[in-house]
1. What net charge do the residues around Arg93 carry, taking every other residue with its C-beta under 12 Å from that of Arg93, with Lys and Arg at +1 and Asp and Glu at -1?
2. Which trypsin sites (Lys or Arg not before Pro) in the stretch 78-172 pass both tests, a DSSP loop state and at most 10 other beta-carbon atoms within 10 Å?
3. Using a basic spin-label model with each label point 7 Å from the Cα along Cα→Cβ, how many nm lie between Asp100 and Arg85?
4. Applying the Karplus parametrisation 6.51 cos²θ - 1.76 cosθ + 1.60 with θ = phi - 60° to the phi angles of the stretch 66-71, what ³J(HN,Hα) value in whole Hz is obtained for each residue in order, glycine and proline being reported as x?
5. For the residue pair Thr148 and Arg93, what label-to-label distance in nm results when each label sits 7 Å from Cα along the Cα-to-beta-carbon direction?
6. Take the solvent-accessible surface of the protein heavy atoms, probe 1.4 Å, and return the percent of it on the stretch 98-172 that carbon and sulfur atoms account for.
7. Figure the gain on full extension for Ser132 and Thr115 (residue separation times 0.36 nm, minus the Cα-Cα span) and round it to one decimal in nm.
8. Show the residues, 5+ positions off or on another chain, whose built amide H is closer than 5 Å to the amide H of His168.
Amino acid sequence: ARVLIALITILSFSTASIRAFTPEVQHKSSRKDNFLRSDKMLKMFTDKQVIEANQSLLDSISSNSYEIYDKLVADDLTAFEAQSRGVLVEGKRFHKYYFDFVKTLPEPKFKTNITMSNPHIRWVGKVCAIISYTRVNQRLDADSRPVTTTASETRIWEVRDGKLVHVHFHRS
């Protein structure tokens with residue numbers, strides 16, 4: 001858990017802020033001062049808002065709406081997922097390929113329904129929310145029979161310019 005929190009801290013703060021949070025390096029500002037400064041600059045979000053943003057992201061995927069996906073996701077998105085075969089994916093280009101590919105297929109009779117089961121939110125300071133849940137995908141197969149699949153998913157949302165932005169996910 002400490003490694004994950006350290007990684008998220010590195011991704012979330014500038015190098016100067018990280019140095020201020022590192023006990024071995026002393027700067028003029030204390031940890032408390034940095035958090036107070038951050039509180040004044042950042043918009044506060046609730047767990048409910050993180051869940052809603054995440055569901056909007058999942059809905060954009062199921063409806064193949066790259067326009068909405070693009071607004072919710074950071075340009076520097078990183079991800080580990082089955083499609084990447086264990087390789088870290090960086091940026092949106094990898095995912096844009098799938099949005100474009102789906103457009104070449106015949107329109108499905110019913111869209112895939114994606115829901116989150118038992119979402120859990122963990123905040124890292126006030127700038128980063130980690131949401132973990134079981135992703136439930138419901139769709140129809142070629143013979144119009146219902147198919148349900150699940151995956152464990154963790155997504156990281158960061159506050160940037162007063163907005164929640166999706167910056168990383170891991171699906172297994």
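1. Local charge sum for Arg93: -3.
2. Answer in residue order: Arg85, Lys109.
3. Distance between the two pseudo-spin positions: 2.0 nm.
4. Going residue by residue, I get 5, 4, 5, 3, 4, 6 Hz, with x marking Gly and Pro.
5. Distance between the two pseudo-spin positions: 3.9 nm.
6. Numbers: 2380 of 4530 Å².
Its accessible area is 52 percent carbon and sulfur atoms.
7. Fully extending the segment from Ser132 to Thr115 adds 4.9 nm.
8. Answer set, sorted by chain and number: Thr78, Ile156.
The values are calculated or read from the model by the stated rules, or taken from the named source; none is laboratory data. Since the model is a prediction, treat every value here as computed from it, not as a measurement. When we count neighbours, we look across all protein chains shown, and the Cβ atoms used for this are built from the backbone with ideal geometry, even at glycine. Heavy atoms of the whole protein, side chains included, go into the accessibility calculation; ligands, DNA and RNA do not. Shrake-Rupley method; radii C 1.70, N 1.55, O 1.52, S 1.80 Å.
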